[in-house]
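J.: Sending over a structure as structure tokens; questions will come in a sec.
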Amino acid sequence: MMHEILIVDGYNVIGNWPELAKLKQDDHLADARDQLLAQLAEYRKYEEARIILVFDAMYVPGITQRYDQYNLEVVWTKEDQTADSYIEKIAGELNNRLTQVTVVTSDQAEQWTVFSRGAIRISSPEFKKVIQQTKSAILRDAQHYQDVALRRRSPWNNQQLFRLEKLRDELSDDKAD
């Protein structure tokens with residue numbers, strides 16, 4: 001079975017998603033990072049993919065760390081290392097016959113480099129659309145489960161519900177005439 005790993009260039013995504021770019025522009029970079037983490041965590045729960053979120057240390061000098069938050073791997077590069085170089089390195093290391101690596105970035109040079117190493121690339125705006133589609137799917141699933149739960153609590157059995165549905169349709173047709 002193929003494992004999927006999603007590597008996200010954090011500041012590239014922040015710069016390309018309008019609501020996050022605005023937070024960064026308004027000097028609320030930490031809030032933009034937190035919102036990105038929350039959206040990726042929700043996506044990860046639904047898609048069950050391993051996600052590595054990479055941030056350059058250039059915006060937060062002195063930080064070089066890796067930690068897990070919301071079941072995401074968050075990596076801060078060393079001060080003299082760019083997120084691009086880190087992503088290119090681990091994309092090459094992690095991509096193999098049993099693992100498919102996808103890199104989220106709009107940086108063209110980085111996209112071509114990871115592509116040459118066998119990884120799939122997706123731009124930050126395209127990934128925003130994927131996130132939005134996933135949110136829609138989550139809402140549809142939640143509505144479905146809510147509907148199923150309502151039916152389970154119903155005193156009617158399936159045959160009775162079918163008859164009621166048929167009667168409702170007949171009455172609706174009569175009103176239309």
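The values are calculated or read from the model by the stated rules, or taken from the named source; none is laboratory data. Note that this is a predicted model, so its numbers are computed, not measured. We place every Cβ from the backbone using ideal geometry, glycine too, and count neighbours over all the protein chains shown. Ligands, DNA and RNA are stripped out before the accessible areas are found, and what is left, the full protein with its side chains, is counted by its heavy atoms. Shrake-Rupley method; radii C 1.70, N 1.55, O 1.52, S 1.80 Å.
J.: Only one of the listed values, (1) 16.2; (2) 10.6; (3) 16.7, was derived from the coordinates as mean projected area of the Cα convex hull in nm²; which label is it?
T.: So the calculated entry is the one marked (1).
J.: Give, in nm to one decimal, the length gained when the segment between Leu171 and Met2 is fully stretched (0.36 nm per residue of separation minus the Cα-Cα distance). If you can, show how the numbers build up before the last one.
T.: Details: separation 169, 0.36 × 169 = 60.84 nm, distance 5.22 nm.
Full extension of this stretch gives 55.6 nm more.
J.: Compute the helix-to-body angle for 83-94: its Cα long axis versus the longest principal axis of the chain, expressed 0 to 90° and rounded to tens.
T.: It is inclined by approximately 70 degrees.
J.: Could you compute how much accessible surface Ser172 exposes when probed at 1.4 Å, giving the result in Å² to the nearest 10?
T.: 60
J.: Could you tell me the calculated FRET efficiency between Lys78 and Gln25, based on Cβ-Cβ distance and R0 = 25 angstrom, to the nearest 0.05?
T.: Result of the calculation: an efficiency of 0.40.
J.: Report, in debye and to the nearest 20, how large the dipole of the chain comes out about its Cα centre when Lys and Arg carry +1 and Asp and Glu carry -1 on their Cβ. Write out the running numbers ahead of the final one.
T.: Values: 23 positive and 29 negative charges, 124 e Å.
Using Cβ point charges on Lys, Arg, Asp and Glu, the chain gives about 600 debye.
J.: Run the numbers for Asp34 and Tyr46: contour at 0.36 nm per residue of separation, minus the present Cα-Cα distance, in nm. Could you put the intermediate results ahead of the total?
T.: Values: separation 12, 0.36 × 12 = 4.32 nm, distance 1.88 nm.
Fully extending the segment from Asp34 to Tyr46 adds 2.4 nm.
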